[in-house]
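K.L.:
Right, I'll just put the structure down here and ask away after.
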């Protein structure tokens with residue numbers, strides 16, 4: 001096993017003071033999507049009333065059932081009378097009607113784009129048989145994901161005792177959706193929910209219901225999804241994500257204040273999230289140590305058709321920090337000196353630990369970059385065996 005110790009001291013060499021990152025919200029967090037590194041947090045581990053944002057867990061729970069092949073997105077659920085009970089007049093719906101048949105993929109899009117309460121309830125009942133059983137699934141999933149500050153009492157974002165998530169948990173769950181279900185994540189970037197179950201007249205009359213309320217996808221280049229919510233106890237909330245120069249950030253802000261029409265309020269919180277992410281994009285430096293397309297080293301390959309094989313980091317190894325900050329970074333890199341053929345692309349042969357200011361913040365796998373067959377029996381294999389024996393003998 002070969003070990004390398006790389007010690008770095010990172011600091012800004014410019015005399016430009018980075019703008020202090022702040023938000024008028026009561027709490028919030030910004031994370032680097034790739035590493036999970038927390039770039040900013042303000043009371044981010046305290047549970048809040050998440051409102052619509054809790055529907056991320058409704059969606060994630062449904063996505064996992066599809067992933068396990070327990071659901072097919074092209075199957076349909078019937079809209080029951082029970083599913084539509086208790087929906088307040090002012091809540092957003094996509095006008096589902098008792099007895100209507102709607103495809104699962106349409107329900108998923110209705111929740112992701114519009115946060116429709118009726119779509120959440122039909123989805124929950126169709127998957128688990130009842131709202132109560134689905135809530136059990138949501139809480140079980142939260143526990144499996146390690147979302148320790150999250151608990152759920154309904155599938156549709158109603159503010160009530162026991163319905164809670166911390167900004168950190170929200171960012172972690174949203175990150176999971178982006179990484180595990182990229183195809184479904186695309187729905188969050190759609191501006192309007194359009195399906196055959198509502199008439200053109202209904203969609204025109206209730207255009208707000210069918211539109212995406214997260215205006216950041218209109219207002220910020222690179223923004224591609226998120227959810228907004230409101231409760232009178234907390235204020236306005238938003239979770240959003242954006243990509244700039246291959247760097248993805250996730251922001252959660254809670255307790256924002258806004259006035260005006262619904263459109264003005266939605267635009268105001270989108271612009272606050274945009275301002276926070278732009279501040280990080282502009283005032284944070286990214287230092288890349290290893291990239292997935294560049295080999296770390298070449299190691300000896302025993303009994304292979306090649307003498308050496310290149311090894312790579314499984315993902316880019318980098319660190320983000322404010323321009324005016326200083327950090328001591330240690331990379332502990334360890335990998336095998338030699339491996340025996342055959343080897344497969346992606347085979348793990350080592351590890352990289354990143355330690356920042358004495359604290360381990362991430363770990364990366366070191367993998368083989370190509371498939372290499374072993375030598376067949378014959379003269380080539382005989383001489384290779386002899387060579388390896390002599391090398392071992394000499395080292396002794």
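The values are calculated or read from the model by the stated rules, or taken from the named source; none is laboratory data. Values in this document were obtained by computation on a predicted structure and should not be read as measured data. Glycine gets a Cβ as well: all are built from the backbone with ideal geometry, and neighbour counts include every protein chain shown.
K.L.:
Limited to the stretch 297-315, what total is found for residues that are at pLDDT 90 or above, buried (at least 18 other Cβ atoms within 10 Å of the Cβ) and farther than 20 Å from residue 356 by Cβ?
P.N.:
Going through the stretch 297-315 one residue at a time, the tally reaches 3.
K.L.:
So, of the residues in the stretch 264-314 that are in contact with a helix residue (DSSP H, G or I) (Cβ under 8 Å, 6 or more places away or on another chain) and free of Cβ contacts under 8 Å to residues at least 60 places away in the same chain, which turns out to be farthest from residue 327 (Cα to Cα)?
P.N.:
267
K.L.:
Count, please, the residues in the stretch 24-43 that happen to be assigned to a loop (DSSP other than H, G, I, E, B), buried (at least 17 other Cβ atoms within 10 Å of the Cβ) and within 17 Å of the chain's Cα centre (by Cα).
P.N.:
4
K.L.:
Go through the stretch 111-182 and tell me which helices (runs of 4 or more DSSP H), entirely inside it, have 1 or more residues that are over 20 Å from the mean Cα position of the chain (by Cα) and surrounded by 19 or more Cβ atoms within 10 Å (Cβ to Cβ).
P.N.:
On the way: elements: 117-128, 131-145, 167-180.
Per the criteria, 117-128, 131-145.
K.L.:
Only one of 55, 105 is more than 23 Å from residue 231 (Cα to Cα), at pLDDT 95 or above and surrounded by 17 or more Cβ atoms within 10 Å (Cβ to Cβ). Can you tell me which?
P.N.:
Matching residue, one of 55, 105: 105.
K.L.:
Follow-up question, since we're still on this one. Of the conditions (1) part of a strand (DSSP E or B); (2) touching a helix residue (DSSP H, G or I) at 6+ places or on another chain (Cβ under 9 Å); (3) at negative phi, residue 243 satisfies every one except a single condition; which number is it?
P.N.:
Of the numbered conditions (1) part of a strand (DSSP E or B); (2) touching a helix residue (DSSP H, G or I) at 6+ places or on another chain (Cβ under 9 Å); (3) at negative phi, the odd one out for residue 243 is (2).
K.L.:
Next question, about the same structure. Checking residue 69 against (1) under 21 Å from residue 51 (Cβ atoms); (2) in a loop (DSSP other than H, G, I, E, B): exactly one of these is not met. Which one?
P.N.:
(1)
K.L.:
Residues of the stretch 244-263 being touching a strand residue (DSSP E or B) at 6+ places or on another chain (Cβ under 9 Å) and farther than 29 Å from residue 325 by Cα, which ones?
P.N.:
Those that are touching a strand residue (DSSP E or B) at 6+ places or on another chain (Cβ under 9 Å) and farther than 29 Å from residue 325 by Cα: 257, 258.
K.L.:
Still on this structure, please answer the following. If I go through the stretch 183-219 residue by residue, how many of them are buried (at least 18 other Cβ atoms within 10 Å of the Cβ) and under 19 Å from the mean Cα position of the chain (by Cα)?
P.N.:
So the answer is 7.
K.L.:
Could you please let me know if residue 61 is crowded, with 23+ Cβ neighbours inside 10 Å, farther than 12 Å from residue 170 by Cβ and touching a residue at least 60 places away in the same chain (Cβ under 8 Å)?
P.N.:
yes
K.L.:
Exactly one of (1) assigned to a loop (DSSP other than H, G, I, E, B); (2) surrounded by 16 or more Cβ atoms within 10 Å (Cβ to Cβ) is unmet by residue 318. Its number?
P.N.:
(1)
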